[in-house]
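Please read the structure below before turning to the comments.
The numbers here are math on the coordinates, done by the rules we state, and not lab data. Model, not experiment: these values are computed from the prediction. Glycine also receives a Cβ, built like all others from the backbone with ideal geometry; neighbour counts cover every protein chain displayed.
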Amino acid sequence: MTKPPLTLYLAAPRGFCAGVDRAIKIVEMAIQKWGAPVYVRHEIVHNKFVVDALRDQGAVFVEELDECPDDRPVIFSAHGVPKAVPAAAAKREMIYVDATCPLVSKVHIEAQRHADNGLQMIMIGHAGHPETIGTMGQLPEGDVLLVETVDDVAHVTVRDPARLAFVTQTTLSVDDTADIVAALHARFPAIIGPHKEDICYATTNRQEAVKAMAPKCDAMLVVGAPNSSNSRRLVEVGARAGCAYSQLVQRAADIDWRALDGITSMGITAGASAPEVLINEVIDAFRDRYDVTVEMVETAIENVEFKVPRVLREAV
């Protein structure tokens, strides 16, 4: 039986970013340096496949520091942690390595600098997301006000409208965030924003590639985890950019083939914490069912690299 033809558009850039790559290396190098087990507070990145692979190597994933013994190294996830966490680790004299993405750390430094200058902070982010918790936790409780939507801006209560600054989560929708920032500037004309946008290069680049790809596609799949903010934003961006069927899948086994019946063009991308092996798995699943022609939709070339902490580059 002849397979139906399918043009498969592959977004570039897609998948791993420099911060995720660095965080995974940190766990692997820590296991090499100190042996197993090495404890990791929270999922190092939001991807089950990656977490399971590191667990097989000897990583133990916990939610809180008090689940870790004093005598084993602990790593803080790429999303960042409140200041109280490394302070507690230092008090217990633990070996700890901070795998916070340097672009998230930049936001932490920004927030602290504005607070030191007497400005009240507003954060644009998702309540309960580890990155939001980590950034808000750089300052004393209650010092950072969280807004998630344009509507939230209208109802936020500030100390002094003339002394405000804002930061954002790094993995938000570029377009949604622009609307919220515009609302902040409209209500608080004196508010100070970041020197350079807080939304990271990888989030922006992946969203731009999806915007270029989506109008060409009958359907689009984003390879990523349900708890991955940047992956979920890609699904939303695809739908808004004109792709009628835009869905998140963790693995090829999650594809709803009945929903794809009759398609002739398909877009595939992946969130910043999804490894290329999972993307290839999805492509192979389409090759099994269709006569696939792959076309790349490339909107940027990434060559960013972040060094791992010095403690891991030194010999035992």
Cross-link table Lys83/Lys307; Lys196/Lys216; Lys33/Lys196; Lys106/Lys307; Lys48/Lys83; Lys48/Lys106, entries beyond 25 Å C-alpha to C-alpha:
Lys196/Lys216; Lys33/Lys196; Lys48/Lys83; Lys48/Lys106
Neighbours of Arg310 by Cβ distance under 14 Å: Lys/Arg at +1, Asp/Glu at -1, summed charge +3
Compute the distance in nm between two label points, each set 7 Å from the Cα along the Cα-to-Cβ direction, one at Arg163 and one at Asp66.
3.6
One quarter of the C-alpha convex hull surface, i.e. the mean projected area of the chain in nm², amounts to 17.8
For His129, His185, His46, what ranking results if the residue with the fewest other Cβ atoms within 10 Å of its Cβ goes first?
His185, His129, His46
Could you list, bin by bin from short to long, the percent of Cα-Cα pairs of segment 18-101 in 5 Å steps?
3, 16, 31, 27, 17, 5, 0
Let me know the shape class of segment 118-230, please: from the alpha-carbon gyration tensor, a ≥ b ≥ c as square roots of the eigenvalues, rounded when a/c is under 1.5, otherwise prolate if a/b is greater than b/c, or oblate.
prolate
Output wanted: per-residue J couplings in Hz (rounded whole) for segment 280-294, from phi through Karplus 6.51 cos²θ - 1.76 cosθ + 1.60, θ = phi - 60°, x for Gly and Pro.
5, 4, 5, 4, 4, 5, 6, 4, 5, 10, 10, 8, 8, 10, 8
What's the local net charge at Arg206, with K and R +1, D and E -1, over the other residues with C-beta under 9 Å away?
+1
Residues with amide H under 5 Å of Lys83's amide H, sequence separation 5 or more or different chain, H placed in the peptide plane at 1.01 Å from N; which?
Gln138
Restricting things to alpha carbons, find the Rg to Rh ratio for segment 7-65 using the Kirkwood radius for Rh.
1.09
All other residues with a Cβ under 15 Å from the Cβ of Asp152 taken together, and with Lys, Arg as +1 and Asp, Glu as -1, what is their net charge?
-3
